[in-house]
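Please read the structure below before turning to the comments.
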Amino acid sequence: MSFSTLGLTPALLEALAAQNYTQPYPIQQEVIPAIINRKDVLGIAPTGSGKTAGYVLPILTILEGRKLTRNRHIQVLILVPTRELAMQVHEVFKLFGIAIPGKIKMLSVFGGVAVNPQMMALQGVSILIATPGRLLDLVESNAVHLSGVEILVLDEADKMLNLGFQEEMNRIFALLPKKRQNLLFSATLSDDVNNINQLLLHEPLVIKIEAETDNIDLIEQLAYFVPEERKGPLLRYLIKKNDLKQVLVFTSSVYSAEKVAEKLRNSGVDAWAMHSKLSQKARTETMDRFKSGKLRVMVATDLISRGIDIKFLPHVINYELPRSPKDYIHRIGRTGRAESPGEAISFVSPEEEHHFRVIQKKMGKWVTMIDSKNIEFRGF
Ligand code: AMP
């Protein structure tokens, strides 16, 4: 199967080849022609499945050659839960958007940064990627109007609902024109997501991709049984002894992320924390350094984890286990992405042992457990 049979504009085919996208992922094969045919889509697909390009490419194809008739009346609205995802989706639009002749203007907006530059930048924008709260602020100040929206995309809808955006989303839906195309993507089909599906979608194409659980077989999983207070030394031991590079460490709180990163730095390992309490600038810088391989260790919390999109991430370490088995799969899923095998290590304290059993049961896979008592890592 090649991209050339999906109905995409020829300008994009060259850009795809230049990006080494040699063939469409399964979700792309299905959704690209459907979106170009202006059908609604319900995609149950996690990050890593290729869903972003799945909607970016056909949207650009639809908008090619279109003129914006009224300033500040966007044509495409993409709602996302976090600024990381907003920036990531924006990048994909930019990556392929430059291939389209006649410039299509696109912008991402999110909270936590000044609103004025966003208001100004909204001039002439066709495609807007936004978090719900900031979008409403901009609508209220007349910086953008939603009455011309032809295509609505909800990306990571489950996450948006989990973060409590339901009310904002309802207010946004009420501002959109009745006749439009709706594309809904979510990692899971919870009852709440299904409610939105029933409310918004009209005879959608439904596609379900279980990329991350499929990927699990690609990931080498290992667990260490270790008392809470020995986790720090064990982490430093594993990183140094095995000379690990590009390690993503997960903790369960901002406090712990900072502490783990600081201790790693004190022991000579370049490590920085990544969480929601940091400024946007610090987050972008850390993420860029990590992605480009300049930063050896990034210590992140779960909230941030969905925005991390790295093609070949070799090591994930769960310093603390996530609360839900789904989050566990999501965390380790990013090592086995795009057919590159990876390694996922979990630290399991006596208090977490029962919970780890639950996770393994849900995942349907048992993980080899090494007792850290048998490893000599004093002094690390
Ligand atoms: P997503 O699920 O949208 O977050 O995409 C996961 C990753 O796969 C991103 O890094 C994309 O750049 C990459 N990707 C998406 N589609 C393709 C494709 N057809 N060929 C190669 N890489 C792809």
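The values are calculated or read from the model by the stated rules, or taken from the named source; none is laboratory data. Model, not experiment: these values are computed from the prediction. Counting neighbours? That spans all protein chains shown, and the Cβs are built from the backbone with ideal geometry, glycine included. Note: accessible area is taken over every heavy atom of the protein model, side chains too, but ligands, DNA and RNA are not part of it. Shrake-Rupley method; radii C 1.70, N 1.55, O 1.52, S 1.80 Å.
Worth a mention:
- Selection count, the range 262-275, where residues are farther than 17 Å from D243 by Cα, modelled with pLDDT of 95 or more and of a type in the set (A, V, I, L, M): 1
- Scanning the range 6-43 for residues that are modelled with pLDDT of 95 or more and of a type in the set (S, T, Y) yields one hit, T9.
- Some residue of the range 209-217 being open to solvent by 40 Å² or more (accessible area, probe 1.4 Å), outside the structural domain of I62 (by TED's automatic domain parsing) and in a strand (DSSP E or B): no
- Hits in the range 32-68 (condition: within 13 Å of the ligand (Cβ to nearest atom), out of contact with any Lys or Arg (no Cβ under 8 Å at 6 or more places or on another chain) and either outside the structural domain of E150 (by TED's automatic domain parsing) or of a type in the set (A, V, I, L, M, F, W, C) (or both)): I32, A53, V56, L57
- Condition check for E229: free of Cβ contacts under 8 Å to residues at least 24 places away in the same chain, assigned to a helix (DSSP H, G or I) and within 24 Å of T286 (Cβ to Cβ): no
- One residue from I345, I332 being at pLDDT below 85, among the β-branched types (V, I, T) and either open to solvent by less than 40 Å² (accessible area, probe 1.4 Å) or over 15 Å from L248 (Cβ atoms) (or both): I332
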